[in-house]
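The values are calculated or read from the model by the stated rules, or taken from the named source; none is laboratory data. Just so it is clear, the model here is predicted, and its values are computed rather than measured. Cβ coordinates were reconstructed from backbone atoms using ideal geometry, including for glycine residues, and neighbour counts include every protein chain displayed.
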Amino acid sequence: MTIPAELIQRLGTAKSVTVLTGAGVSAESGVPTFRDAQTGFWAKFRPEELATPSAFRRDPRLVWEWYEWRRKLVAGAKPNPAHRALAEMERIFQQFHLITQNVDGLHQRAGSRNVIELHGNITRTKCFDEGTIVSTWKDTGDVPPKCPACGGWLRPDVVWFEEPMPEAEMKQAASASTHCDFFFSIGTSTVVFPAAALPGEALQSGATVVEINPRPTPFTARAHFALAGAAGVVLPELVKALSASRFGSRVSP
């Protein structure tokens, strides 16, 4: 894919870059999107029936085992070229924030450091009652396992339906979106709020906004640049073009 020269020219002078990634980026690593993940035994359930606090209270074993199955899918996945290109971009710019709707931790495994996780991380576990992160617990055979501090159930550290978005992460995401020179919306449909509002907030704050997605979204017409393609194809080409341009010297190594 040919990256527009004007895009590279503008990006070459940027000091602050913010990126929002969605399920499309992880899908390129073989991680099924949330609603496409139902196969085999789990095909008879709708994700919305399992990913709620009320579902967990009703049948904690069922919900825990579903997430254990999803954790195995994530554990078998590897970062793709899009993840690695974003990690490279973080090393280029003075200020770089990566906001993700994904819960698989693939950005961190690719080398990204400044990651804002809006929906949590499926590889972490927390206490259902107290909300504290729990790294280790005694194997008593209970499913789900029990919190070593209070004896309550443990659950994955993800945001479920019926739960509020994490306040600290949302504040960080909003600030990063309204205080950047460039904003990338990558692999996200821009229909799930409040994350879907971030590209518009960046646009209103004066940032150059770039969308990378195989198909048009409700935000496509508003973006300064809309690159139609897979993130794993477009992003490596973009980073390559940026590095090769004469503007590369204007960004911090």
(message) Given the criterion buried (at least 17 other Cβ atoms within 10 Å of the Cβ) and under 22 Å from Val103 (Cβ atoms), identify the matching residue among Phe193, Phe184.
(response) Phe184
(request) For Ala77, indicate whether it is part of a loop (DSSP other than H, G, I, E, B) and small (Gly, Ala, Ser). (result) yes
(request) Please identify the pairs in which a residue from the stretch 111-122 that is closer than 11 Å to Met170 by Cα and of a type in the set (A, V, I, L, M, F, W, C) has its Cβ atom under 6 Å from the Cβ atom of a residue that is assigned to a loop (DSSP other than H, G, I, E, B) and at pLDDT 95 or above, counting only partners at least 6 apart or on another chain. (result) Leu118/Gln101
(message) For Asp157, only one of the following conditions fails: (1) free of Cβ contacts under 8 Å to residues at least 60 places away in the same chain; (2) part of a helix (DSSP H, G or I). What is its number?
(response) (2)
(request) Could you check, for the stretch 105-113, whether at least one of its residues is of a type outside the set (Lys, Arg) and closer than 16 Å to Glu68 by Cα? (result) yes
(request) Please work out if Ala244 is farther than 19 Å from Thr100 by Cβ, at pLDDT 95 or above and among the hydrophobic types (A, V, I, L, M, F, W, C). (result) no
(message) Please go through the stretch 116-134 and give me each residue that is more than 15 Å from Pro144 (Cα to Cα), polar (S, T, N, Q) and crowded, with 18+ Cβ neighbours inside 10 Å, ordered by number.
(response) Asn121
(message) Take the conditions farther than 30 Å from Leu11 by Cα and either in contact with a strand residue (DSSP E or B) (Cβ under 8 Å, 6 or more places away or on another chain) or exposed (fewer than 15 other Cβ atoms within 10 Å of the Cβ) (or both) and apply them to Glu68. Does it pass?
(response) yes
(message) Please pick out the residue among Ala168, Ala231 that is buried (at least 20 other Cβ atoms within 10 Å of the Cβ) and under 17 Å from the mean Cα position of the chain (by Cα).
(response) Ala231
(message) Can you find a residue that is closer than 16 Å to Asp157 by Cβ, surrounded by 17 or more Cβ atoms within 10 Å (Cβ to Cβ) and without any contact (Cβ under 8 Å) to a residue 40 or more places away in the chain anywhere in the stretch 82-105?
(response) yes
(request) Could you check how many residues of the stretch 202-218 are buried (at least 17 other Cβ atoms within 10 Å of the Cβ) and under 18 Å from the mean Cα position of the chain (by Cα)? (result) 7
(request) Among residues belonging to the stretch 53-65 that are over 19 Å from Gly120 (Cβ atoms) and in contact (Cβ under 8 Å) with a residue 12 or more places away in the chain, point out the one that is surrounded by the fewest Cβ atoms within 10 Å (Cβ to Cβ). (result) Arg61
(request) Go through Arg70, Arg57, Arg84 for me and flag whichever is among the basic types (Lys, Arg) and either modelled with pLDDT under 95 or outside any helix (DSSP H, G or I) (or both). (result) Arg70
(request) Check whether at least one residue in the stretch 146-157 is surrounded by 14 or more Cβ atoms within 10 Å (Cβ to Cβ), of a type in the set (Lys, Arg) and at pLDDT 95 or above, and report yes or no. (result) yes
(request) Tally the residues that are within 22 Å of the chain's Cα centre (by Cα), at pLDDT 90 or above and outside any loop (DSSP other than H, G, I, E, B), restricting the search to the stretch 12-52. (result) 11
